[in-house]
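Worksheet: the structure to be examined is printed underneath.
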Number of protein chains: 2
Amino acid sequence: MKKVTMDDVARHSNVSKSTVSQYLNKRYDYMGVDTKRRIESAINELGYRPNFVARSLKQKRTSTIGVIIANILHSFSTKIVRAIEDVCNENDFHVIICNADDDPAKERKYINMLRSKQVDGIIVFPTGGNMELYQSMVSEKFPLIFVDRMLDELTVDTVLLDNQEAAYIAVEHFLNLGHTRIGVITSSLIHKITPRVERIEGYKKALSENGVPIKDEYIKGLKVEDMKQGLREMFTSDEPPTAILACNDLSLIEVLNYVKENGLSIPDELALIGIDDDPFANIFSPPLTTVSQPVFEMGKKAAELLLEKIKNAEREGIVQIYRFPPSLIVRRST
Amino acid sequence: MKKVTMDDVARHSNVSKSTVSQYLNKRYDYMGVDTKRRIESAINELGYRPNFVARSLKQKRTSTIGVIIANILHSFSTKIVRAIEDVCNENDFHVIICNADDDPAKERKYINMLRSKQVDGIIVFPTGGNMELYQSMVSEKFPLIFVDRMLDELTVDTVLLDNQEAAYIAVEHFLNLGHTRIGVITSSLIHKITPRVERIEGYKKALSENGVPIKDEYIKGLKVEDMKQGLREMFTSDEPPTAILACNDLSLIEVLNYVKENGLSIPDELALIGIDDDPFANIFSPPLTTVSQPVFEMGKKAAELLLEKIKNAEREGIVQIYRFPPSLIVRRST
DNA sequence: CTGAAAGCGCTTACAG
DNA sequence: CTGAAAGCGCTTACAG
């Protein structure tokens, strides 16, 4: 099964490769009608399919982008990827997916491989562990967009949620309902992952603006395996919280497990809000009040920004942080 | 910012491009220690990164595969993708993701684009709507693997669940608990999507083998928007089912909604089993009995089969159907 | 309106 | 042990 190339098409239609190439690139300006027809039928007869690798080599672009996410098993990543893929498809771009699993070494390997493959740009949920590498891409003006996390020492266009606001509106809702003993739980804070840190900030801000004292016992930033214990501490204290904000899916599940195991009733004994509007929130009993992010819009924006950068590689854009507004979806857990 | 090429490295280290290439491909056999060192330091100094596009053109392989799934928002697809990506990463392959959304036109476009990009192989959840195209890939011996769905007119290696068994063990469990009025609901059957059809077959087989008559009123293959109505019909009949098997996530959610709206209690008034062990099944109240598939193993197998095929392009392998065993996870909804 | 030629950045027989 | 040369399949300025 010999591969058919442009040369075969040229021979078959008695023109030169140049002309075939013009045809393929729809530069018909000066092309004879007959030539056009001959090429067309040769292509069909031979079942010719252009080789994009050869074209890419010559044109120095691949119409392919890379996306490095934390983990595609997280519903947030999945939705972002889907939105990116849709935008890329409309623009005849392809997307290569990589799971860095929050591991800087894996992230570095992927970035290097993607660049070796000559992708035209990269969208990354940065681990934060490869500052020099990010920096070098910035200096080279390689098209790069960050999603979900901000690295403030770096000037990279970034798309993320207004995390502070997300926690703020949740806590405000609790306060309006009369709660003052409000707990918050999220994943480990030691790596200063943007959304976690900012959500805690928003939580504190809402409390202090409303004159409610901040108690450290109510604030838990823990690894998943320690959450159960953390919750126990919080709930067995003298003044257990009457409301709790779960800052992401993982901690929400831990809270729900704790609630079930200890037979607490929602919302009577404990009011609950989760950030990240997972599908199951709505079919849970009772349906859960959540703060949702406009995930598809965020993914779309990231893709559009990247494609824009790729088109205007040279243009000296102003680096921007794109904050998306969260929204409170009140259901029956508050 | 001029890109540094192999030529630059060669000049910088006073050797020819050939030698640099040998170095990069670790063919050190006859290479002088000093030469090696010079090349090495030139690469580091210049920050040289090989261009895989050029290499691919010459070598006629890209170390990239394409994966065409129905929709990455489905948790089954996501897990398969993740498993594939892991296997590929270990083998230094990249994966391009495409969502065909069960649309044969989209599928066709993607297959053609992927082949133009010279991917080394494709894994696809076939829509079933492009038989000639699949057939032509088979004839060309282009590495191809099907996942989740079987097209029996075609000889393509396929990885899928033993769907019949999945429904069978669920129904058997119901029967053992004394149920005889057992309903089943799944998505539309008109396109003869393998898992749907086979699960209904398994359902029927379990009933007839146990001497329970099959009633068409208990069998619903419907589009999502019609499911609510279908459930109403089933439950308002003279002899409403006391147990129901939801063949996929979508129908499970519809059943749960119906249950909630009509205040049915699970499992007392209705026993329920879902196929596809979605994470929420376990935190639902009550936790749901499900039939789970070994999704990661399936994705892993698909990737391994494809890579194997790519390595031994010429070997005339026997086409196989790989069936994976489901398992019943008994929780509290039965 | 169309073609000859150079070149994209590699790899790979082959020669020495 | 290393290099000169050809070639992978395209595109693109340029000539005519």
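The values are calculated or read from the model by the stated rules, or taken from the named source; none is laboratory data. Fair warning: this is a prediction, and the values are worked out from it, not measured in the lab. A quick note on method: Cβ atoms are made from the backbone with ideal geometry, for glycine too, and the neighbour counts reach across all protein chains shown. Protein only, heavy atoms only, side chains kept; ligands, DNA and RNA dropped before computing areas. Shrake-Rupley method; radii C 1.70, N 1.55, O 1.52, S 1.80 Å.
Key figures
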| read-out | value |
| --- | --- |
| Selection status of residue A:13, surrounded by fewer than 21 Cβ atoms within 10 Å (Cβ to Cβ) and of a type in the set (Gly, Ala, Ser) | no |
| Residues of segment B:113-131 satisfying the condition of being surrounded by fewer than 19 Cβ atoms within 10 Å (Cβ to Cβ) and under 18 Å from residue B:56 (Cα atoms) | B:115, B:116 |
| Residues located in segment A:132-149, provided they are open to solvent by less than 20 Å² (accessible area, probe 1.4 Å) and either among the aliphatic types (A, V, I, L, M) or outside any loop (DSSP other than H, G, I, E, B) (or both) | A:134, A:137, A:144, A:145, A:146, A:147 |
| Among (1) at pLDDT 85 or above; (2) surrounded by 15 or more Cβ atoms within 10 Å (Cβ to Cβ), the one test that residue B:59 misses | (2) |
| Matching residues, segment A:89-112, being surrounded by fewer than 21 Cβ atoms within 10 Å (Cβ to Cβ), within 11 Å of chain B (Cβ to nearest Cβ) and touching a Leu at 6+ places or on another chain (Cβ under 9 Å) | A:112 |
| Every residue from segment A:99-120 that is of a type outside the set (S, T, N, Q) and on the phi > 0 side of the Ramachandran plot | A:101, A:102 |
| Strands (runs of 3 or more DSSP E) (entirely within segment A:174-267) containing at least 2 residues that are within 14 Å of chain B (Cβ to nearest Cβ), open to solvent by 50 Å² or more (accessible area, probe 1.4 Å) and modelled with pLDDT under 95 | none |
| Hits in segment A:71-86 (condition: crowded, with 22+ Cβ neighbours inside 10 Å and more than 8 Å from chain B (Cβ to nearest Cβ)) | A:76, A:77, A:80, A:84 |
| Subset of segment B:300-318 [touching a helix residue (DSSP H, G or I) at 6+ places or on another chain (Cβ under 8 Å) and either outside the structural domain of residue B:83 (by TED's automatic domain parsing) or aliphatic (A, V, I, L, M) (or both)] | B:302, B:303, B:307 |
| Subset of segment B:57-80 (residues that are part of a helix (DSSP H, G or I) and either touching a Gly at 6+ places or on another chain (Cβ under 6 Å) or away from DNA strand C (no atom under 12 Å from the Cβ) (or both)) | B:75, B:76, B:77, B:78, B:79, B:80 |
| Subset of segment A:271-297 [in contact (Cβ under 8 Å) with a residue 12 or more places away in the chain and assigned to a helix (DSSP H, G or I)] | A:281, A:282, A:295, A:296, A:297 |
| Segment B:1-21 residues that are closer than 15 Å to residue B:41 by Cα and in contact (Cβ under 8 Å) with a residue 40 or more places away in the chain, paired with ones that are away from DNA strand D (no atom under 12 Å from the Cβ) and open to solvent by 60 Å² or more (accessible area, probe 1.4 Å) (beta carbon under 8 Å, 6 or more apart) | B:4/B:49 |
| Residue ID - nearest to the other protein chains (Cβ to nearest Cβ), chosen from residues in segment A:38-59 that are within 9 Å of DNA strand D (Cβ to nearest atom) and of a type in the set (D, E, K, R) | A:49 |
